[in-house]
Structures are given as C-alpha cells and as structure tokens.
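In what follows, a single structure is set out as structure tokens and then discussed.
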Amino acid sequence: MEEKLSMKSTKFLEDLKIYLFSSGKKNEEIDDIIRDLADHLYEAESNGKSIEQIIGSSPKEYMQSLSAEMKTDYKDWMKFIPLVIIGGMSYLVFKDLINGPLSYGLLTIIGTMICILLFFAGVMAAFRYTASRQLSKWKEFLVILLPCTLNFLFIGGVLLIDLLYPSPVIHFGTIGSILIGLLFLGFIIFFSVWAKTLILPVTLLALYLPELALSQTSLDEITQIVISMTATYGIIGVYLLIILKREKG
C-alpha cells in the first residue's frame with residue numbers, strides 16, 4: 001500500500017528501511033515491518049490522522065526504539081566482511097594489473113584491508129545518521145561524503161608511511177598476478193550472481209576501460225584524463241538511471 005501513502009509517510013518508510021538495514025537487521029524482518037507499518041499508516045491517513053500521531057514527533061527516536069527491539073543479525077553481517085574486503089581490493093588489483101605483475105608492500109596490503117572495513121562502517125553510520133534526521137539533500141551529500149574523504153586521507157597516509165618507511169614487498173610475478181586476477185574475476189562473477197546486480201563489473205569497466213582504451217591513442221595526458229573521467233561518470237550514471245527506471249517501472 002506504500003504507493004497510496006502520502007509523500008511524507010513514503011519518505012519515512014524509505015528512511016526507516018535504510019536505517020534498519022545499516023543497523024544490521026535482517027532483510028526479511030525489515031520487509032515485514034515496513035509492510036505492516038505501511039498498512040498501519042495507510043489506515044491512519046485514511047482516517048485523517050497524521051504520521052506524527054503514529055510514530056510520534058521524533059522519527060529518530062521511533063527508529064531507534066524499533067531498532068532496539070529487533071535482533072541484530074551479526075552472523076549474516078559477518079559474511080559481508082570478506083565480500084567487502086575482496087570487492088574493495090578488486091578495484092586496486094585490476095588497476096595495477098594493467099601496468100604489469102603485481103607487487104605490494106605488506107603495510108599497503110594490511111592498511112588497504114583496514115581502510116575498506118572502516119569505509120564500509122563509516123558509510124553505514126552515515127546512512128543511519130541521514131535516515132534518522134530531516135536533512136536537506138545538500139547536507140545528506142556532505143554527511144555521506146565525510147567517510148569518503150576520511151577514507152581517502154587514511155589510505156593516502158598508509159601509502160605515505162609505506163613510502164617513507166618501506167615494509168617488506170611481496171612480488172607475485174607474472175603467473176601469480178594472472179592467478180590473482182582470475183581469482184578476483186571469479187569473485188566478481190560470484191558476487192554479481194549472488195547479489196543479482198551488475199554494479200561491481202559495471203563500475204570496474206567504467207573505471208578502467210576508458211583509461212585503457214585512451215592509453216592506446218596519441219591524445220595528450222590531460223585530454224585523456226578529462227575524457228576518461230567523463231566516460232567513467234557517464235557509464236555509471238547511465239547504469240544507475242537504467243536501474244532506477246527498472247525499479248520504478
């Protein structure tokens with residue numbers, strides 16, 4: 001019944017779903033709660049009641065109290081950790097494979113894994129914060145941008161430290177690099193099938209295909225960078241628009 005609700009109630013349900021998901025609750029339980037609450041809100045609005053009369057004056061407090069009553073699904077969330085780490089490192093691996101055999105400092109490997117986990121935790125926290133507060137689109141963007149900025153500074157710091165105080169370097173060689181590339185490719189295929197989404201392969205292609213194609217041209221470096229960035233954002237943007245239209249349709 002969500003399509004019959006007021007825009008305010010619909011927005012609240014969307015925010016509640018994001019808040020509960022980023023709090024580690026089970027998808028099945030979230031869907032059940034959203035469905036029941038949508039019915040409840042529809043009935044209330046049909047009788048002339050406002051959403052505040054159902055959830056109270058503070059959406060944040062309502063979300064927090066509802067979340068506290070639900071069991072956190074630690075077991076399922078633990079499954080995401082290797083997916084998040086491998087998924088995040090695949091961007092680094094495929095970029096470096098373009099330039100030849102892989103070799104990484106031990107500090108870089110460990111720091112990158114920690115960075116990916118912190119980034120994931122930061123994004124989830126940002127989602128909870130924006131979902132539980134009535135923020136403008138601009139403020140929501142700034143909040144979600146914060147973990148991205150901190151992530152960039154963290155990994156930059158790790159790389160700088162590894163440059164100033166080199167840690168042992170692991171050289172994978174040509175065969176090892178190919179095997180690692182195939183391993184990550186297998187993960188991407190598995191993740192895409194499991195999650196029923198092409199977001200990871202599309203993003204990888206958008207990031208590296210334009211760069212690889214332009215590197216074979218005689219264009220100057222600045223022109224290549226501008227065209228590559230434009231193509232990357234264009235590919236990702238078109239894909240997201242297709243997904244959005246598919247969900248609305």
Checklist entry - Is the shape of region 133-249 best called rounded, prolate or oblate, per the rule: a/c under 1.5 gives rounded, else a/b larger than b/c gives prolate, else oblate, with a ≥ b ≥ c the square roots of the Cα gyration tensor eigenvalues? => result rounded
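Only Cα pairs under 8 Å and at least 6 apart count here; give the relative contact order of the chain as a rounded whole percent.
Working: 186 pairs, mean separation 49.9, N = 249.
The value is 20 percent.
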Checklist entry - How much length is gained if the chain between residue 189 and residue 174 is pulled fully straight, taking 0.36 nm per residue apart and subtracting their Cα-Cα distance, in nm to one decimal? => result 3.1 nm
Item to check | Accessible area per residue in Å² at 1.4 Å probe, computed on the chain | outcome: 64 Å²
Next on the checklist: Per 0.36 nm of contour for each residue apart, how much would the distance between residue 212 and residue 114 grow if the chain were fully extended, relative to their Cα-Cα spacing?
Outcome noted: 32.4 nm
Checklist outcome for this item: hull vol. (C-alpha, convex hull) per residue for region 141-206, Å³ -> 140 Å³
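As a test of understanding, state the convex hull volume per residue of region 81-182 from its alpha carbons, in Å³.
Working: hull volume 11.4 nm³, N = 102.
Hull volume over Cα atoms, normalised by residue count, gives 112 Å³.
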Checklist outcome for this item: Expressed in µm² per second, the diffusion coefficient of the chain from the Stokes-Einstein equation, with Rh the Kirkwood radius over alpha carbon pairs, at 4 °C and 1.567 mPa s, is 61 µm²/s
Checklist entry - Where a ≥ b ≥ c are the square roots of the eigenvalues of the C-alpha gyration tensor, would you call region 29-68 rounded, which needs a/c under 1.5, or, failing that, prolate if a/b is larger than b/c, or oblate? => result oblate
Checklist entry - Looking only at region 206-233, which residues have a backbone nitrogen under 18 Å from a spot 7 Å from the Cα of residue 144 in the C-beta direction? => result 233
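Could you give the length gained on full extension between residue 221 and residue 135, defined as 0.36 nm per residue of separation minus the Cα-Cα distance, in nm?
On the way: separation 86, 0.36 × 86 = 30.96 nm, distance 4.02 nm.
Net length gain for the segment: 26.9 nm.
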Checklist entry - Using a simple spin-label model with points 7 Å from Cα along the Cα→Cβ vector, what separation in nm is obtained for residue 182 and residue 98? => result 2.4 nm
Item to check | Expected 222 nm ellipticity per residue - DSSP helices of 4 or more, -39500 (n - 2.57), all of the chain, to 500 | outcome: -27000 deg cm²/dmol
Item to check | Leading residue at positive end of dipole, region 136-249 (Cβ point charges), from 223, 202, 155 | outcome: 202
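The values are calculated or read from the model by the stated rules, or taken from the named source; none is laboratory data. Only a predicted model underlies this, so the values are computations on that prediction, with no experimental measurement involved. Because the Cβ atoms are built from the backbone with ideal geometry, glycine has one as well, and the counts that use them run over all protein chains shown. Side chains are part of the model used for accessible areas, which takes the heavy atoms of the whole protein and leaves out ligands, DNA and RNA. Shrake-Rupley method; radii C 1.70, N 1.55, O 1.52, S 1.80 Å.
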